[in-house]
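The values are calculated or read from the model by the stated rules, or taken from the named source; none is laboratory data. Keep in mind that what you see is a predicted model, and the values were worked out from it rather than measured. Positions of Cβ are backbone-derived with ideal geometry, glycine not excepted, and every protein chain shown enters the neighbour counts. The accessibility values were calculated without ligands, DNA or RNA, using every heavy atom of the protein model including side chains. Shrake-Rupley method; radii C 1.70, N 1.55, O 1.52, S 1.80 Å.
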Amino acid sequence: GIELLNRRQYGESVPYLQAAYAGASFGELFAPHLLKCLGWAYLCLQRYEEALKILNEGVESFPFYSDFLILRGELHKQLERYGEAFQDLKACMKIREQPGPEIDSAVLFETLGELHERLCNDRHALRCYCRACERDGADDSLLYSVGRLAQKTGSPEIMENLWEQSVRQKNPQRLMILTDILFQQREYTKILKNLECLESLLGKGE
């Protein structure tokens with residue numbers, strides 16, 4: 001079931017996960033992960049009632065396993081229940097210092113950013129996206145959301161800080177994305193200014 005889930009064959013994974021769930025005891029070491037996988041599969045299939053039932057069971061049975069709160073927050077977001085989504089994600093943040101979460105904190109802050117953006121809280125969304133980008137495992141494509149909101153809110157210093165941070169980290173992938181964002185925003189002078197730094201990391205043949 002997990003192998004099929006990892007392949008994004010959600011419909012095919014469900015019968016196996018359901019069979020495991022039917023025969024499992026909550027005393028089993030793998031029980032919280034099983035519940036998470038089953039809830040995740042239901043969520044990806046937009047079987048929201050079944051997903052909510054499983055995730056509620058997970059939250060109640062394993063209160064320190066914060067992944068359930070992130071997934072339930074995502075479910076509420078998809079159903080436009082923004083109050084409930086915020087409540088779950090804020091509760092998740094309070095217990096995130098506990099060991100064992102498997103969904104990276106970058107996902108938590110990205111989801112919070114998406115919620116704020118849907119509610120037109122652009123500055124709050126921008127701060128959440130920036131915090132997501134600071135986390136290990138963050139998806140570099142999230143930088144496009146940061147660039148869009150930085151331009152929209154008139155916050156060019158955000159992009160400048162990200163550039164300087166990426167230079168310090170010697171992260172050419174991020175620098176290329178930041179350059180692409182500047183190109184899309186027609187900030188040609190800034191691109192030329194940063195070009196020498198980018199070439200020094202990539203090599204002039206790239």
What does the charge add up to near Trp40, with Lys and Arg as +1, Asp and Glu as -1, over the other residues with Cβ less than 10 Å from its Cβ?
-1
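Considering every pair of different Cα atoms, what Kirkwood radius, in Å, is found for region 150-205? Can you show the working numbers first?
On the way: mean 1/r = 0.0871 Å⁻¹.
Evaluated over region 150-205, this radius sits at 11.5 Å.
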Across Gly23, Gly39, Gly58, the residue with the highest GNM fluctuation in the chain (Cα network, 10 Å cutoff) is Gly23
Looking only at Ala24, Ala85, Ala125, which one moves most when the chain is put into a Gaussian network model with springs between Cα atoms under 10 Å?
Ala24
Whole Å is fine, so just give me how far the alpha carbon centre of region 144-164 lies from that of region 3-53.
39
If you project the alpha carbons of region 1-95 onto the principal axes, what extent comes out on each, in Å, largest first?
33, 28, 20
At 1.4 Å probe size, with every protein chain present, just tell me what the per residue accessible area of region 1-142 comes to in Å².
53
What three numbers, in Å, describe the spread of the alpha carbons of region 85-191 along their principal axes, ordered from the longest?
45, 32, 17
Name the most mobile residue of Phe64, Phe30, Phe86, meaning the one with the largest mean-square fluctuation, in a Gaussian network model of the chain with Cα contacts below 10 Å.
Phe30
Proportion of all alpha-carbon pairs of the chain beyond 22 Å (%):
57
With a ≥ b ≥ c the root eigenvalues of the C-alpha gyration tensor of region 37-92, is it rounded (a/c under 1.5), prolate (a/b larger than b/c) or oblate?
oblate
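Once neighbouring chains are kept in place and the probe is 1.4 Å, which whole percent of the accessible area of the chain is contributed by carbon and sulfur?
Working: 5890 of 11780 Å².
Solvent-exposed carbon and sulfur of the chain make up 50 percent of the total.
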Need one word for region 2-46: rounded, prolate or oblate. Basis is the Cα gyration tensor (sqrt eigenvalues a ≥ b ≥ c); a/c below 1.5 gives rounded, then a/b vs b/c decides.
prolate
